[in-house]
Amino acid sequence: MTSLFARAVINLAAFLVAGSLLMLLLVQAGTAEQVITFVTLGLGLVLGTIAIVLIRRNRRQTPHKEDQ
């Protein structure tokens with residue numbers, strides 16, 4: 001269940017990162033929109049990192065069928 005949730009979070013994080021990178025090309029420097037875009041980019045990167053760590057930890061703790 002954790003893996004399914006983490007994969008959904010990775011999809012959300014990828015959407016946030018891709019959207020914010022595209023928006024950085026369009027917003028003017030020094031505006032509030034640019035600050036919000038950077039915050040969104042950071043949030044997407046943090047969420048993606050947390051999800052990747054959860055997936056890797058879950059794979060280490062779950063025994064594989066070949067090991068049994």
**Request:** Could you state, as a whole-number percent, how many of the C-alpha pairs of the chain are farther apart than 17 Å?
**Result:** 52
**Item:** Karplus (6.51, -1.76, 1.60) ³J(HN,Hα), θ = phi - 60°, over the stretch 32-43, in Hz, Gly and Pro reported as x
**Value:** 5, 4, 5, 5, 5, 5, 5, 5, 5, 4, x, 4
**Message:** Within the stretch 1-40, list the residues whose amide N lies under 15 Å from a label point set 7 Å along Cα→Cβ of ASN58.
**Reply:** 1-13
**Asked** How large is the dipole of the chain about the Cα centre if only Lys and Arg carry +1 and Asp and Glu carry -1, each at its Cβ, rounded to the nearest 20 debye?
**Response** 300
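Quick note: the coordinates plus some simple rules give every number you see, no bench work behind them. Remember, predicted model here, so these are calculated numbers, not experimental data. FYI the Cβ positions are ideal-geometry reconstructions off the backbone, even for glycines, and counts take in every protein chain you see.
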